[in-house]
Structures are given as C-alpha cells and as structure tokens.
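The block underneath contains the structure these notes are about, expressed in structure tokens.
The values are calculated or read from the model by the stated rules, or taken from the named source; none is laboratory data. Bear in mind the structure is a predicted one, so any value in this text is a computation, not a measurement. Methodologically, a virtual Cβ is constructed for each residue, glycine included, from the backbone with ideal geometry; neighbour enumeration extends over all protein chains shown.
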Amino acid sequence: MDPVDLAFAGVVRQAELIASGELSARDLLEVYLERIQRLDPLLNAFRVVFRERARLEADQADARRRAGAPPAQRPLLGVPIAVKDDVDVVGEVTALGSNAYGDPAPADAEVVRRLREAGAVIVGKTNVPELCAWPFTETATWGATRNPWDLQHTPGGSSGGTGAAVAAGLVGAGLGSDGAGSIRIPAAWCGLFGLKPQRGRVSLAPRAETWHGLSVNGALTRTVQDAALMYDVISGTTPVDRERASAPEIPFTRAIDSRPGKLRIALSMRVLPGVMPRLDGDGRRATEEMAELLRSLGHEVSERDPDYGAVTFPAVIVRYLRGLHDEAHAMAHPERLERRTRSVARLGGLIPPALLERSRAMEGQLRERLNRVLVDHDVLLTPTTATPPPRIGRLEGRGGLWTLNDVIAMVPYLGAFNVTGQPACSVPAGFDSAGLPRGVQLVGRPGDEATLLSLAVQIQAARPWAQQRPPLFS
C-alpha cells in the first residue's frame, strides 16, 4: 500500500494488515515517524515523540504476531496511537501545556495501560492549551498548534494536538479528553469523528475525577469504525474512579453493525441562557443540511429545544472555573503558569466549596430537565460549534475574562452535556465557505453510545468523509 494511503487508512485497517502479516508494525511505525519528522514542524501537533521506545514496542508487536498472538486478545497489535498530554505515560512528564509540571509519571494512566495491553504502540504525546483550558491550542511554552486544513487557524482544543495529528495523517488515532467540548471541538474543526463517552465509561485513573466530574477521557479518529474499536479497548474503570458506568450490552464494534432503525431526532439551534448566541451562517447551513440528510435516511426530524433553564450555564462555569483553580494549585510550579491561566484560576478561587457542592447536588435534577427532550426523541442534533476555528494568535495577550467570554460564544452547545455526563459526538458536516471543516453534534441518552455510533456509521456511509485529506498532508 502507498505510504500516504497507509497513513490515512485508520486503525481498524492497519490492525487487520498487521494481523494478517501483510504489514509489519515496524514498517507502519516508520511511515508515521517519517511523516512526523517531515510534516509536524508545520503543525506542532506533538510535544514529544517516543521514537526509540516506539521502535522497541513495534518490534515486540511483530515478535508477538510471529509467535501467533491471537488478534482478539490484542486488537491494536502494532498500531501507533498518540496520547494527549494530560494523560500519564510512564517515565515522561505530563506537561499540560505548561512548564509548571513536576516529575515524570511513575506509571501509565489506566487508559494507556489498556492501550498497551491491546498491543498499541505509543508514538508520542500531543500538545494542549495550558491546563487544557481553551478551545485553541497555543501556549507560551510549547507554541501554537495549527490546523492541517489551514495553517493560519487553530485545530481547536483542548485536544488540539491529537486532532491535528490524526487529521494530517501523522497517526491513525489518538487519545483526547473532554471537559467542555475538548474532543468534539477539534473533531469538528479538523474533519474527524469525536465521541465524548458516558462519564465513567473510560477510566481517569490515577485520578478519581477531573474538573469536578466535567471531564472524561476518550479518542479522536478518522472513522466511526475506528472509534468503536478504540472504545472497546479503552473502556473500563478501576476502584480509583469516582464514577463507573455499567458495561455496554454488546461491544461497540458489534453495535455499529446494526442499522439504527427509524429514529426520532430533535433539532435545536438554541444555546444556553446566559450565552450570547452568534451561530454563523455556515454552521446553521451545515446543521440544516444534516437534518435533511437524516430525513432522507428515513429518520423523523423535528425542531425541539432542550429545557436548559437558568442554572445550566452556571453549573458548567462553576465546575470549569473551580476545576482550573484546583488544577493550577496542584501543579508543581504554579508560579510558572501564564498570566491568563493565573487570572482564570483566581476566578475559580472565588467559588466557595459550598457553592460547588450545591451545584453538584443539583446534577440529577439538571440531567432530568435536559433529558426531557430525549423522552420522546432518541437523539438530539445541534451544531458542534457556533463559529469556524479562529485564526492563530487572535486571542494572544488577552486576559482571562476576555478570553473566557470570547470562547464561550464560539462553543456554546457542548458543556451542558459534560454536566449531565451523557454521551455526545461530533460528526463531520462538510466545509464552510472558507474551506474549513465544520461538524454537528449528536447527543444520546445517558449510557447510549451505541445509538450514536450506529447513527454516525449510517451518516458516514451516506456522506463519506474519511477519504478527504488536507491537501498539504496528502
């Protein structure tokens, strides 16, 4: 297979080629290492690349295959995977987009352990905004990460490095995390599929939780099939995790084989009260076109807004700000944090623990309110973002409050479903008038990733997106 085609083939196909002996893990890794060396200077997707460690892991994968390792036991045998730099990899610092970090991690995070157990090769760690705070990936310490579709724009954040790497064919899939859209935003702006799983689906260990329950670990991929395989591998929790979701009835890779049937889909463009709406024409058009596609596939689509009420937006902000405050104070050298980060952390310090606890105590009521729309509908359809990705440097030098107000208006559709904890995904929805990718969000009932994956596979078949590659990288 042509090296460029191989780079964009996705992890399911790559795993099949390695398992059959048509491709060696070492050869696949060398394709990616060459592309990273040649192309990542344009993107700055990776903070660190584990070249020699990854070569050893690839050689071990090839040895296991020759020894007859059953593919079912190691479904990602020899497949390179990137890790977002908020997740521990043994022997490497977890920088969190800063130079305020401390010692190297003494062990892999549970999600990385599961990847290794499945045979994956950990190729490197990807860049994030400082403390994963923003939907753009630009830091004083590690520089700006750029969008493969237009190098003058951000790939999003906070999983921006992973999004850029996967979209540019520097790796087949990568880990992300999502505390208020941080998987779905780069998926939308990079033309990828990004699923925020049910809270408690994927372990956060060695942490019990992140941002007081807002954030979850997950993955960014080129296809829905790749996502299903990744989630079959990384799902599962430990006693350390504060929340543990019930196991799905069937593996996700089997769930996507089933047609979703005729679904009732609620369409909403409304944003949370308290957010200044500014959905642009391209975002509205992409969402309306997706609604028409879904109707053509036999689904019933009707306009219906969730009942956000007056407390949903404050519930997001309370956890987000207090989470950043606590994250900042947990860093080994908080005095090294950027001025904007320290400013937002100070805002979080104004939130008393009693207010945080009241907000968390209301979560059940809020979940019930937001899910009323899903009593008589199966899925909620919204835009993923209200705007295209901003240009690199647009918010450089801005203070914390100014930046916060600006970015909330860019991504007002996402954080509510981090508070409720239910699954939501971003599906590619074409390109805007400037040639930049846009996405739509599908929100499922609590615990129902299977319906989202099944519907997304149907959309992918009707409007294939994975063969579209950024011209500079193909």
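From the list Pro428, Pro412, exactly one residue is out of contact with any Asp or Glu (no Cβ under 7 Å at 6 or more places or on another chain), part of a loop (DSSP other than H, G, I, E, B) and buried (at least 24 other Cβ atoms within 10 Å of the Cβ). Which is it?
Result of the check over Pro428, Pro412: Pro412.
Among the candidates Asp280, Asp307, which residue alone is of a type outside the set (Ser, Thr, Tyr), touching a Lys or Arg at 6+ places or on another chain (Cβ under 6 Å) and touching a residue at least 60 places away in the same chain (Cβ under 8 Å)?
Asp307
Within segment 278-298, can you find the residues that are part of a loop (DSSP other than H, G, I, E, B) and touching a helix residue (DSSP H, G or I) at 6+ places or on another chain (Cβ under 8 Å)?
Scanning segment 278-298 gives Arg278, Leu297.
Residues are listed down the side, and each one gets a yes or a no for (1) of a type in the set (A, V, I, L, M, F, W, C); (2) touching a Lys or Arg at 6+ places or on another chain (Cβ under 7 Å):
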| position | (1), (2) |
| --- | --- |
| Thr403 | no, yes |
| Asp406 | no, no |
| Ala409 | yes, yes |
| Leu414 | yes, yes |
| Gly444 | no, no |
| Leu452 | yes, no |
| Trp465 | yes, no |
| Arg469 | no, no |
| Phe473 | yes, no |
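Residues of segment 40-61 being touching a helix residue (DSSP H, G or I) at 6+ places or on another chain (Cβ under 6 Å), under 17 Å from Phe8 (Cβ atoms) and in a helix (DSSP H, G or I), which ones?
If the condition is that a residue be touching a helix residue (DSSP H, G or I) at 6+ places or on another chain (Cβ under 6 Å), under 17 Å from Phe8 (Cβ atoms) and in a helix (DSSP H, G or I), then Leu43 is the only one that fits.
Filter segment 358-392 down to the residues that are part of a loop (DSSP other than H, G, I, E, B), within 26 Å of Met276 (Cβ to Cβ) and in contact with a helix residue (DSSP H, G or I) (Cβ under 8 Å, 6 or more places away or on another chain) and list them by number.
Met362, Thr384, Thr385, Ala386, Thr387, Pro388, Pro389, Pro390
Within segment 152-174, can one find any residue that is modelled with pLDDT of 95 or more and surrounded by fewer than 24 Cβ atoms within 10 Å (Cβ to Cβ)?
There is at least one residue in segment 152-174 that is modelled with pLDDT of 95 or more and surrounded by fewer than 24 Cβ atoms within 10 Å (Cβ to Cβ).
Out of curiosity, is Ile317 at pLDDT 95 or above, part of a strand (DSSP E or B) and either touching a Cys at 6+ places or on another chain (Cβ under 6 Å) or among the β-branched types (Val, Ile, Thr) (or both)?
Against the criterion (at pLDDT 95 or above, part of a strand (DSSP E or B) and either touching a Cys at 6+ places or on another chain (Cβ under 6 Å) or among the β-branched types (Val, Ile, Thr) (or both)), Ile317 does not qualify.
Could you figure out which of (1) assigned to a helix (DSSP H, G or I); (2) surrounded by fewer than 24 Cβ atoms within 10 Å (Cβ to Cβ); (3) β-branched (Val, Ile, Thr) isn't true of Val240?
Failed condition: (1).
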